[in-house]
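Would you mind keeping the following structure in view while I ask a few things?
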Amino acid sequence: MTDTSQAELPPQANGLSDGLDDDERAKMRPVDIDADVREMERRKRVELIMNSKVFREELERIIETQLKDGSGPSGLLQQISDMVGVNKQAGNVFKSSSCVIPINDIRGIEAMGYSKGEKILRCKLACLYRLTDLYGWAHGSTTLITARLNQDDEQFLVNPYGMLFHELTASSLIKVGMQGAVIEQGTTNFSVNIAAFSLHAAVHSARPDIKCIIHIHTPAVVAVSAVKQGLLPLSQESVVIGDVSTHTYLGGLLDPEEKDKIARNLGPNNKVLLLSNQGALCCGETIEEAFFNARNTVLASEIQLKLLPVGIDNLVLLNDEIRKKMYDAAHKPPESTPRPDQPSILEGKVERKWRVGGIEFESLMRMLDNAGFRTGYIYRHPLVKGEPPRPKNDVEVPPAVSSLGYLLEEEELYRQGLWRKLEGGKKGHDRGRWLNSPNTYQKVEILETGTPDPKKITKWVADGSPSHSSTPVKIDSALQFVPKNTNPKEFKQKQQQIKDYRRADKISAGPQSHILEGVTWEEARKMQDA
């Protein structure tokens, strides 16, 4: 009976796992059993590591080294994590992550959906958010940075409420109107923080010259905004941002009366507004200037906090004359050496287009691009590295022709041992092939073609005139000019003596001819005719 029941079973049910590999067996496991198997494998790996003799010896060596050097526990943890193969940055998903979200995610045909200049402004504003996050100025998702997109239609770009600054990209920014109404949602489904935007809208409506506003919430700025005296003129950073206004901000949606009060307190020229106990609004006519004011506001607040323990009465404040000089120097193009490849007319145009904080902002954009952020920033002064400078000679030194500088260079190569390595190669063989160069060159100046204002170009061409004819001597043997069985020390001494004579300009052409000494021109002609 039993044999019959077993015979009636299908063959695949009896040998189900005989023809399956390990991956297919793993797929057929239940979820809880699969998790238990993974946990068992992990414990087995940990047990093998802890029981390993090599691991214990390496761990003891690291601990002894750390105790001897005293570099602290952070270096010890880093070495242990490197040894067991664990990345210490694995838990930090916000900064220093190996996976970077690109800033410029507007590619190809997607760029056609934006108006002229909007893509550039989106990329630049998204870069500003990333810099704010890298500097540690981000205060959760409540911090707001806005940029005016279109002055005629009063359109602005703002970050979506709920996204962290390291997540923002050019396409995720939301386009809104003056009242906060969404004009273009962007690539996310997040909304806009209307209460926070109303404060920025009040400043934008009162000051059409302001294009970008950054709300700074760092502890140092908030602490200074809570001081009765406000930001004191104690340092250069507190002066270059200009006069600072103050306003008692209560938060929430602003009514028309509150907006008028903000406009009066900010004034027609000031670009930094301290909000009592709530940080500061740093404004700018460009994004670069807004970042310049924000960075200096943060630094000035930190400096003031470090000086407050000595007492305000003991502080030395900068007077009005010094403050004006510092401010003017920071808001005009820096004096630098003129570029040799740039005409003076272009230099004047560059100075007129100079932006406050533009040079520093571009250097930070290069930093982001080098880190893989793909900013999409268009550089006004791109970094172009040319070839390293070379000695400027009118004629390239032929292979076997020597000059004073060339001899010094050759002697230095002998000292370093580099020349001996090259003697057996092709280059060293080519240098001793000819005693003197069979080529002669002539300096010719020609004019450029195709330009209304041609310049002279100097060229060296081969000179085939009979007056420059020379007889090259080919060196067939290494002992052609040095007799056999010559003492190497005597040869070196003679060679060094010749070099010393060349350095001292004591080179002589040999015995001087006295055949025509005291002979007049007429007598010389008669001798020539004869």
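Report, in listed order, any pair from 124/325; 385/443; 211/332; 211/306 with a Cα-Cα distance greater than 21 Å. Please report the intermediate quantities before stating the final value.
Working: 124/325 31 Å; 385/443 30 Å; 211/332 19 Å; 211/306 32 Å.
Violating the 21 Å limit, Cα to Cα: 124/325; 385/443; 211/306.
Compare the peptides 48-54, 241-247, 227-233 by average per-residue count of other Cβ atoms within 10 angstrom and give them in order, highest first. Write out the running numbers ahead of the final one.
Working: 48-54: 9.9, 241-247: 19.0, 227-233: 15.7.
Packing proxy ranking, top to bottom: 241-247, 227-233, 48-54.
Sticking with this one: List residues of the range 119-152, by number, whose backbone nitrogen lies under 12 Å from a label position 7 Å along Cα→C-beta of residue 184.
In the range 119-152, the label zone of residue 184 (backbone N under 12 Å from the point 7 Å along Cα→Cβ) covers 119-123, 149-150.
With r defined as the distance between the Cβ atoms of residue 45 and residue 223 and R0 fixed at 51 Å, what FRET efficiency is calculated, to the nearest 0.05? Intermediate values should be presented prior to the final figure.
Working: r = 50 Å, r/R0 = 0.98.
For residue 45 and residue 223, the calculated efficiency is 0.55.
For 107, 43, 323, 122, give the ranking by accessible area with the largest first, probe 1.4 Å.
Working: 107 115, 43 155, 323 75, 122 0 Å².
From most accessible down to least: 43, 107, 323, 122.
Check residue 149: other-chain or 5+ apart residues with amide H under 5 Å from its amide H, H built from backbone geometry?
Here 155, 156, 157 satisfy the definition.
Something else: Carbon-plus-sulfur fraction of the accessible area of the range 190-288, 1.4 Å probe, in percent?
Carbon and sulfur atoms account for 50 percent of the accessible area of the range 190-288.
With viscosity set to 1.567 mPa s at 4 °C, what whole-number translational diffusion coefficient in µm²/s follows for the range 166-320 from Stokes-Einstein and a Kirkwood radius over Cα pairs? Mind dumping the intermediate values first?
Numbers: Rh = 16.6 Å.
D = 78 µm²/s.
On full extension of the chain, what length is gained from residue 321 through residue 63, given 0.36 nm per residue of separation minus the C-alpha to C-alpha distance?
87.0 nm
In the range 287-337, what GluC sites (Glu not before Pro) fall in a loop by DSSP, with at most 12 other Cβ atoms inside 10 Å? Before the final figure, lay out the partial values.
Working: sites: 288, 289, 302, 321, 335; in loops: 335.
Answer in residue order: 335.
Can you find, among 226, 253, 278, the residue farthest towards the positive end of the dipole of the range 223-286? Put +1 on the C-beta of Lys and Arg, -1 on that of Asp and Glu.
My answer, from the dipole projection, is 226.
The values are calculated or read from the model by the stated rules, or taken from the named source; none is laboratory data. None of these values were measured; they are calculated from a predicted model. Cβ: placed from backbone, ideal geometry, glycine included. Neighbour counts: every protein chain shown. For accessibility, only protein heavy atoms count, side chains too; no ligands or nucleic acids. Shrake-Rupley method; radii C 1.70, N 1.55, O 1.52, S 1.80 Å.
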